[in-house]
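Colleague: Before anything else, here's the structure in question.
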Amino acid sequence: MSEITLSAEIRTETGKKAKSLRRDGKIPGIYYGHGMKNIPLTLPEQTLKPLYSTTATHVINLKLSDGSSHICILRDVQFDPVTERPVHFDLFGLNENEKLAIEVPVKLTGGIPKGVRDGGILQQVMHRVEVSCLPKFIPDHVEVNVETLEINHSIHVRDLAIPNVTIMANENNTVVAVVPPAVVKEAEVVAAAPTGEAPAEPEVIAKGKKAEEGAEEAAVEKPEKAEKPEKKEKPEKK
């Protein structure tokens, strides 16, 4: 566990007034803990950056402008979605006699695994793992040696061992593995027609029903109209 010392100011500006702090290069935050009073703080942006840009877990010795000191960890940082600059941070106070749950990074050691040298692909499934321990036992990171890891072999949570630390993740979860290389199937080659030959035209099949109807109509002759009988002339009256 590594420890760093930070100096912060207790702030009086809250709510919308905190925007003016950011314009001055200061980031508003809060210090809190179990059974502890919340303390609003400010830190210079350049002082806060090393805390969230590193992968290691640090215990912070926080010194405030009122002369008090507190042991804490960085619990959370919120960022502006457009500028990606920090807009708020949370510091969680530690009790030396109270266990806490915290996520720590997973660091792979041992160089290139044997399975990768044999053509496999290294896949790190878990980049952080949750642990429970007393503050003095918080590890900077969890080391996983992958030197002898072969193809189709993996390291699970149950394979990890950290003194004075309980790993909270499911013991069957995979941390890292070496998998076989992906095999790309060759596309099937479709035989082309010989050069110079035109493709055969599809045979057009007439619809049977219409053809039969047409034949019946041709076979049946329309009856001739009957001639009207001639009118007989009436004899002239004398």
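Values in this text are rule-based calculations from the coordinates and carry no lab data. Bear in mind that the values here come from a model prediction, so they are computed numbers and not experimental data. Every residue, glycine among them, receives a Cβ derived from its backbone with ideal geometry; neighbour counts consider all protein chains shown.
Colleague: Would you calculate the separation in nanometres between label points at residue 170 and residue 46, each defined as 7 Å from the Cα along the Cα-to-beta-carbon direction?
Modeller: 4.7 nm
Colleague: Here is the link list: 19/136; 107/136; 19/99. Which ones come out longer than 32 Å on Cα distance? Walk me through the numbers before you get to the answer.
Modeller: On the way: 19/136 36 Å; 107/136 20 Å; 19/99 35 Å.
The answer is 19/136; 19/99.
Colleague: Let a ≥ b ≥ c be the square roots of the eigenvalues of the Cα gyration tensor of the range 1-85; is it rounded (a/c under 1.5), or, if not, prolate (a/b larger than b/c) or oblate? Walk me through the numbers on the way to the answer.
Modeller: Values: a/c = 1.73, a/b = 1.15, b/c = 1.50.
Note, shape of the range 1-85 comes out oblate.
Colleague: For 137, 79, 89, what's the fewest-to-most ordering of other Cβ within 10 Å of each Cβ? Let's see the in-between values first.
Modeller: Values: 137 15, 79 12, 89 22.
With the fewest neighbours first, 137, 79, 89 line up as 79, 137, 89.
Colleague: Taking 0.36 nm per intervening residue step and subtracting the Cα-Cα distance, what contour gain separates residue 95 from residue 10 on full extension?
Modeller: Numbers: separation 85, 0.36 × 85 = 30.60 nm, distance 2.10 nm.
So the chain would gain 28.5 nm between residue 95 and residue 10.
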